[in-house]
Amino acid sequence: MAEMARVIQQEHGSVEGTLLSITAEAVRLIPGADHAGITLVVRNRRIESRGATDELPRRVDALQEETGQGPCLDTVWKHHSVSVPDMAREDRWPQFAPAASEAGVRSMLTFRLYTHHDHLGALNLYSDAVHGFDDADDDVGVLLATHAALALVAAEQEHNFESALATRDVIGQAKGIIMERYDLRADAAFAMLVRLSQDWHTPVTDLATKIARREPE
């Protein structure tokens, strides 16, 4: 588990890299896990399939979005974890389960990954065998999800911080160009930038990027 934490820690700063390291460690540490993926529900509506070890998790997430039901969604909204011992005999999700079984899912184990602002997530493990997971796998999965949640939040915070710095820099460049071109002070240049963004119905950052790149309007 310490090795897992070290591997995930190395990926801080890259959200996608963190997600991929989480799922790779899940398959490495849990014997029954043949595939792994992460389901993110963005703004309480859109489902995103991230960090998948292969195509199967992406297919399962697509089925859940199509049917509006499934173990990953139940984990996000209702339970901290959900176990599916035999997908072919599952009756909790009458539309999803037969399609998932046909796609190749034999059993599943899912864990609520994190709740952060308007993003919700679940770590999903898939086995090619019926009854592919046991109680020990559940215990490891809980620990893995806890480490993963902390790492993912940290990665998102770092990514947001870097994005904020980049936004500040591009606005500063645009202000400098406006100041030079129109012989304005910094506050007047920024006011012009805001006014132009409102007049042209363009976000300030997008307009600043165009000006910094000296793109024609």
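Which residue is surrounded by the most Cβ atoms within 10 Å (Cβ to Cβ), if the candidates are limited to segment 17-37 and must be in contact with a Ser or Thr (Cβ under 8 Å, 6 or more places away or on another chain) and among the β-branched types (Val, Ile, Thr)? It comes out as Thr23. State yes or no: is Leu143 buried (at least 23 other Cβ atoms within 10 Å of the Cβ), assigned by TED's automatic domain parsing to the domain that holds Ile22 and touching a residue at least 60 places away in the same chain (Cβ under 8 Å)? It is false that Leu143 is buried (at least 23 other Cβ atoms within 10 Å of the Cβ), assigned by TED's automatic domain parsing to the domain that holds Ile22 and touching a residue at least 60 places away in the same chain (Cβ under 8 Å). One residue alone among Ala52, Ala33, Ala62 is part of a helix (DSSP H, G or I) and of a type in the set (Gly, Ala, Ser), and that residue is Ala62.
Note on segment 119-139: residues that are assigned to a strand (DSSP E or B) and loosely packed, with under 13 Cβ neighbours inside 10 Å total 0.
Which of the residues belonging to segment 38-57 are more than 13 Å from Gly121 (Cα to Cα), surrounded by 15 or more Cβ atoms within 10 Å (Cβ to Cβ) and not hydrophobic (A, V, I, L, M, F, W, C)?
Thr53, Pro57
The values are calculated or read from the model by the stated rules, or taken from the named source; none is laboratory data. What you are looking at is a predicted structure, and each value in this text was computed from that prediction instead of being measured. Every residue, glycine as well, gets a Cβ built from its backbone with ideal geometry; the counts of neighbours run over all protein chains shown.
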